[in-house]
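Values in this text are rule-based calculations from the coordinates and carry no lab data. Everything numeric here is computed off the predicted structure, so don't read it as measured data. Here Cβ is always computed from backbone atoms with ideal geometry, including for glycine, and neighbour counts include all displayed protein chains.
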Amino acid sequence: MVIKHAFRKDIAALTAVETACFPPAEAATEKEFIDRVQYYGNHFWLLYEGDKLLAFVDGFVTDEPDLTDVMYEDAALHNEQGAWQMIFGVDTAPAYRHHGYASTLMRRVIDDARAAGRAGLVLTCKDRLIGFYARFGYQDEGVSESTHGNVVWHQMRLRF
């Protein structure tokens with residue numbers, strides 16, 4: 001297995017895994033992935049085994065302290081010098097869940113953000129995943145203002 005960053009050739013695989021992981025109202029579209037990879041492909045962490053994408057994490061960097069819905073939609077808001085690594089998605093293809101792949105990727109993302117001198121990481125998650133992210137040191141800041149996909153999200157923050 002190898003962890004790598006995203007390039008245009010990964011778009012179809014990213015879209016397929018995302019579609020398998022999230023309902024349509026929550027899933028990023030192919031167009032959104034094209035924009036995201038163009039602006040911040042180096043802020044995707046893709047776990048491949050051979051030519052099969054098993055899991056990935058993506059998100060951009062900003063000085064804004066809270067994750068907002070507009071961030072999902074506008075990849076141009078990425079600021080490579082920003083303080084906060086936002087996490088938009090932690091996806092594992094259904095057939096490869098419960099093998100520790102998401103945890104492996106999350107540890108790598110945390111290590112990379114720390115090495116880059118970020119203040120920390122921010123993500124939103126559903127109630128059932130609060131405990132998963134807490135294991136990495138994320139703190140639940142309560143219900144997020146995000147209504148992405150018409151879902152209630154909790155904002156989680158990991159400060160360095």
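Restricting the count to DSSP beta bridges whose residues both fall in the chain, what percent are antiparallel, rounded to a multiple of 5? Don't jump to the answer; show the numbers that get you there.
On the way: 24 of 28 bridges.
For the chain, the DSSP antiparallel bridge percentage is about 85.
Taking every alpha-carbon pair in the range 88-160 and binning the separations at 10 Å intervals from zero gives 18, 49, 31, 2 percent. Highest GNM mean-square fluctuation among Leu54, Leu121, Leu77, for the chain modelled with Cα contacts below 10 Å: Leu77. Computed from label points 7 Å out along Cα-Cβ, the spacing between Gln81 and Thr19 is 4.0 nm. A Cβ-based charge dipole, computed about the Cα centre of the range 18-160 with Lys and Arg at +1 and Asp and Glu at -1, lands at about 680 debye. Centre-to-centre separation between the Cα atoms of the range 1-80 and those of the range 83-160: 14 Å. In the frame of its principal axes, the range 35-87 has Cα extents of 37, 20, 18 Å, reported largest first. With q set to 0.14, 0.18, 0.23 Å⁻¹, the log10 of I(q)/I(0) for the range 1-74, from the Debye formula over equal scatterers at the Cα positions, is -0.43, -0.70, -1.10.
Across the range 14-160 the C-alpha pair distances fall into 5 Å bins from zero in the proportions 2, 10, 20, 25, 24, 16, 4, 0 percent. Dipole orientation for the chain: of the candidates His148, Pro65, Tyr101, Tyr101 has the Cα lying most toward the positive pole (charges on Cβ; Lys, Arg +1; Asp, Glu -1). Gain on full extension, evaluated as 0.36 nm per residue between Phe7 and Glu73 minus their Cα-Cα distance, stands at 21.9 nm.
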